Structures are given as structure tokens and as C-alpha cells.
1. Under the condition of being of a type in the set (A, V, I, L, M, F, W, C) and part of a strand (DSSP E or B), which residue from segment 21-39 is surrounded by the most Cβ atoms within 10 Å (Cβ to Cβ)?
2. Go through segment 67-185 and tell me which strands (runs of 3 or more DSSP E), entirely inside it, have 3 or more residues that are modelled with pLDDT under 75.
3. Return yes or no: is Arg18 assigned by TED's automatic domain parsing to the domain that holds Thr103, exposed (fewer than 12 other Cβ atoms within 10 Å of the Cβ) and of a type in the set (Lys, Arg)?
4. So which residues in segment 15-42 are more than 20 Å from Cys53 (Cβ to Cβ) and among the acidic types (Asp, Glu), if there are any at all?
5. Which residue pairs have Cβ atoms under 9 Å apart, sit 6 or more places apart or on different chains, and have a first residue in segment 19-43 that is touching a residue at least 24 places away in the same chain (Cβ under 8 Å) and a second that is outside any strand (DSSP E or B) and among the acidic types (Asp, Glu)?
6. What's the total number of residues in segment 52-66 that are without any contact (Cβ under 8 Å) to a residue 40 or more places away in the chain and either in a loop (DSSP other than H, G, I, E, B) or of a type in the set (S, T, N, Q) (or both)?
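The values are calculated or read from the model by the stated rules, or taken from the named source; none is laboratory data. On a predicted model such as this, the values are computed, not experimentally measured, just so you know. Cβ atoms come from the backbone with ideal geometry, glycine included; neighbour counts cover every protein chain shown.
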Amino acid sequence: MALLKSGWLWRQTAVLKRWKLNWCDLWIDGSLCFYKTDSRRDLELRVSLKMKCIDVRSGLECGGVNPPESSPRENLMVLHFRDGSTLNLCANSEDESLAWKLTMLDTRRNPVFQYDPYDDSYQAVPLNSYHTVYITPGAGPGTHQVVVQRDPFDGVVESVALGLLAGVAAGAAMRSFLWMPLFFC
């Protein structure tokens with residue numbers, strides 16, 4: 001999975017409305033993960049931007065939210081979710097806040113497209129945490145080549161279940177053939 005952006009962000013807790021400093025990772029599948037430290041060992045919160053987020057506001061657009069001490073209002077970000085809840089974040093600078101906002105909006109809206117040479121068309125690839133994504137610079141300026149490697153064990157469960165079902169059917173058929181000589185005696 002490709003990491004789009006990571007860094008320290010202040011996050012306002014839901015219950016006590018206190019500001020906590022968290023290490024944040026924004027992944028290409030739209031997952032925004034909050035950790036206690038930059039070692040990424042203790043996951044505190046995971047938010048799926050593609051599924052839940054409807055809007056991201058930053059700076060002076062964030063009305064009614066007080067930033068943490070010693071941070072100006074321009075550093076604020078507010079994520080609005082489908083269920084009506086919000087997540088208040090604060091970056092270290094106004095530029096960092098704007099960079100986070102633009103990256104979140106791009107992640108939320110832009111799917112990854114894969115070229116199919118047989119149909120000569122591009123198809124949207126639904127990304128999840130089981131895909132491996134490699135991003136390499138493209139041929140021209142501003143272009144990137146995205147390679148999505150699917151999980152090699154995707155579909156193994158279905159084939160195992162089908163194999164078990166075939167084995168049970170074969171066993172039942174063979175068991176009936178074993179009793180056949182007794183019927184002709």
C-alpha cells in the first residue's frame with residue numbers, strides 16, 4: 001500500500017475535546033490512521049475518507065472550532081462525515097494544513113485507474129488494504145504510473161471451498177459403489 005502523506009497533527013478528542021498530538025498516515029486507499037508515535041505501533045484511530053468523509057475544510061473555513069494553544073486558526077482542518085460528526089485537526093503551519101487538505105480531497109475523490117490493453121480502455125480499480133501499490137514517475141512531466149499488485153491469495157478460499165465440496169461429493173459416490181457388490185449376492 002502506498003503512503004501519500006504522513007506527519008504530526010493535533011487531533012481533538014471526541015469526549016473531552018482535548019487536543020492530542022498524533023502521528024498521522026494517509027494511505028492511497030483513503031485510510032487516515034492516527035498513531036501515538038511515529039513508530040506506527042499503537043493505532044488509535046482509523047478513518048476511511050472514501051467511505052465516510054464528505055468535506056474537508058481548512059483555515060478560516062472552520063467556524064466554531066478553537067485551535068490548540070499557540071496555534072493560529074489558519075492551521076485548523078475539519079473533516080465532515082456522512083453521519084454528521086466531525087473530526088477536528090490542526091497542523092503545525094498554514095502550508096502544512098493546506099497540503100493535508102488537498103491530499104485528503106484528492107484521496108477521497110480520485111480513484112486509481114488501470115489500463116486494460118484488450119479493451120483499450122481504463123477501468124477504476126477499487127483499492128483496499130490487501131493490494132500493493134507502486135507509484136513510479138511517468139514519461140512526461142506531471143504524469144505517474146501506478147501499478148496495482150493484487151493479493152496472490154485472493155480467491156483461495158473459494159477454491160478451497162469448491163475442492164471440499166467436490167471431495168464430499170466424490171466420497172459419497174464412491175461409498176455407494178462400495179455397497180453395490182452386496183446387492184448382487
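1. Result: Leu32.
2. 112-116, 121-125, 132-137, 144-149
3. On the way: assigned by TED's automatic domain parsing to the domain that holds Thr103: yes; exposed (fewer than 12 other Cβ atoms within 10 Å of the Cβ): yes; of a type in the set (Lys, Arg): yes.
When the stated conditions are applied, Arg18 passes them.
4. If the condition is that a residue be more than 20 Å from Cys53 (Cβ to Cβ) and among the acidic types (Asp, Glu), then Asp38, Asp42 are the ones that fit.
5. Note: pairs meeting the criteria are Trp19/Glu69.
6. Looking only at that region, the number is 4.
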